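Worksheet: one structure, shown below.
The values are calculated or read from the model by the stated rules, or taken from the named source; none is laboratory data. What you see is a predicted model; the values in this text were computed from it and never measured. Quick reminder, even Gly has a Cβ in these numbers, built from the backbone with ideal geometry, and neighbours come from all protein chains shown. The area values use the complete protein model at the heavy-atom level, side chains included, leaving out ligands, DNA and RNA. Shrake-Rupley method; radii C 1.70, N 1.55, O 1.52, S 1.80 Å.
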Amino acid sequence: MAKFKLASYWASACGGCDVAILDVHEKILDIAAAADIVFWPIALDFKYQDVEAMPDGHIDVTLFHGAVRNSENEHLAHLLRAKSKALVAFGSCAHIGGIPGLANLFTKEEIFKRVYQETPSTVNPENITPQPKVTVAEGDLTIPELYNTVHTLNQVVDVDYYVPGCPPTPKQIWNVVQVIVSGKLPPKGSVIGASEKTQCDECTLKKNGEKKITAFKRIATAQPDPAICFLEQGFLCMGPATRGGCDTRCQLSGVPCRGCYGAPAGVLDQGAKALSAIASIIDAKEEAEVQRIVDQIPDSLRSFNRFGIPASLITRKVL
Amino acid sequence: MKRISIDPITRLEGHGKIDIFLADDGSVANCYFQVPELRGFEKFIEGMPIEEVPRVVSRICGV
Amino acid sequence: MTFEPKILGILCNWCSYTGADLAGTSRIKYSPNVRVVRVMCSGRVDPQFILKAFAEGADGVLVAGCHPGDCHYIEGNYKTIRRMALLKHMLADYGIEPERFRLEWVSAGEGDRWAHVVNKITEDVRKLGPSKIKKTAKKASPAA
């Protein structure tokens, strides 16, 4: 069988998705046997001009990680879309915005001010901030323009498949590779390498019955029993509103789910669904008592929608 | 003045770009290293519960 | 020209919708700014409905149901209390003014109260001016 051409690119990302691909361990040799890697900045020395020189549709599959945060990310999203037969939004950032998407609760100016003026380790008496173009003695230097709002990949270009997770688990990555190699690709727009159902559906922690909580606890001040459902113990867990498929890695490591796999099938807004689920288990009827309990959640939006603000019904803080 | 652009710098974590300017005799006249990426962790973790911060800042670099 | 807010009302079938009907049959005059959607119970109101209304350009959203203890389904509106309390925090984090979203209890006999509630949210939202949520989304769109 002819080898298929594979590319992997990071936009606004941390590189964890690339490392997750390497975490398939010795199976990486099978990937190398089945695929010609034509672009992969973390591992191989290809330049942007090499991609630009490819004919359209040259790459069979591009795994695109990272959110679209600046003009370079956007350019590469368009470029790789044109050069790829299948474009995969790989990992939470490309899928739903991910952790970089939390920047949508602030403006570019607020971020610049904090980063380039206010942080204790910053010495910047001339208040220099990044400019898309700077003229120096030798010529012009350019860097990409940072956008005010973080976008998911499918808000910028047409996306064929989604692989959720921050990062996707190596097991799921291997499943995805096998789907690609088999050539039996699912319908366009499918979420692959994950379940249709929720985390709770596959979570193995002990559930005692009906959940009723009268106080929210925090891991900073209370110790959860790692064998019992976090919600039953009063710790905020995003399991009920998060797509399954990761083998509940966090819950089995003693910390509640934070929702990186995004909303389950059929849900428009992960944060809204999460708060709806949590509301159902609060054991109070009086308005004042309910208020007292919900006020114990210190950081509502970032708790209920840690990874998916750019993909939500309201994609950023109101300007 | 001749310019050599290395874009992107590969085989490391993150985004980097180098512009090298060569003098007429071929020697390096000047060289600029640029980091074209910013996500803003310094700002967007403000006000977050302290126990949540490790799980967010671990996404600064996944390598 | 004064700004006329567009407000979405989501009303429970048994109390608030009937209360709104009573306001009409009693010929009570009140602001025409609330567009009503009827649901069987305020406990059926998914927070997604409210976010979607705001995302699509509503200047305000009013959810109305039976008074606590009067729910036709016994406990539906207790769930509403809890959901909407959590949702109010989330809306605040999005930078949405609290006056744009209200949860009110209106019984089938309270036509006058319905008129009062509608007038109140209409005036509050009118003072705030048009919602910027849809505009923000347009400004933030990658195509812009």
Subject >> Selection within the range A:116-128 - open to solvent by less than 60 Å² (accessible area, probe 1.4 Å) and more than 10 Å from chain B (Cβ to nearest Cβ) >> reply: A:Asn124
Original post:
Which numbered condition trips up A:Ala220, out of (1) in contact (Cβ under 8 Å) with a residue 60 or more places away in the chain; (2) surrounded by fewer than 20 Cβ atoms within 10 Å (Cβ to Cβ); (3) at the interface with another protein chain (Cβ under 9 Å from one of its Cβ atoms)?
Top reply: (1)
Original post:
In the range A:249-279, what residues are of a type in the set (Gly, Ala, Ser), over 18 Å from A:His95 (Cβ atoms) and out of contact with any helix residue (DSSP H, G or I) (no Cβ under 6 Å at 6 or more places or on another chain)?
Top reply: A:Ser253, A:Gly254
Original post:
Taking the range C:66-85 as the search range and keeping residues that are assigned to a helix (DSSP H, G or I) and in contact with a Ser or Thr (Cβ under 7 Å, 6 or more places away or on another chain), which one is most open to solvent (accessible area, probe 1.4 Å)?
Top reply: C:Lys79
Original post:
Out of all the residues in the range B:10-34, which are more than 8 Å from every other protein chain (Cβ to nearest Cβ) and either surrounded by 14 or more Cβ atoms within 10 Å (Cβ to Cβ) or at pLDDT below 90 (or both)?
Top reply: B:Gly16, B:Ile18, B:Ile20, B:Leu22
**OP:** Scan the range A:256-270 and give yes if some residue there is open to solvent by less than 10 Å² (accessible area, probe 1.4 Å) and either facing another protein chain (nearest Cβ under 8 Å) or within 20 Å of C:Lys79 (Cα to Cα) (or both), otherwise no.
**Re:** yes
**OP:** Report those helices (runs of 4 or more DSSP H) wholly inside the range A:235-319 carrying at least 1 residues which are in contact with a strand residue (DSSP E or B) (Cβ under 9 Å, 6 or more places away or on another chain).
**Re:** A:270-281, A:287-294
Subject >> Single match in A:Val123, A:Val150, A:Val136 (criterion: among the β-branched types (Val, Ile, Thr) and within 27 Å of the chain's Cα centre (by Cα)) >> reply: A:Val150
**OP:** Test A:Lys113 against the criterion of being outside any loop (DSSP other than H, G, I, E, B) and under 30 Å from A:Pro187 (Cβ atoms), and give yes or no.
**Re:** no
Subject >> Test: residue in the range C:58-74 that is within 14 Å of C:Leu11 (Cα to Cα) and within 12 Å of chain A (Cβ to nearest Cβ) >> reply: yes
Original post:
Are there any strands (runs of 3 or more DSSP E) wholly within the range A:1-71 with 2 or more residues that are under 19 Å from the mean Cα position of the chain (by Cα) and within 8 Å of chain B (Cβ to nearest Cβ), and if so which?
Top reply: A:68-70
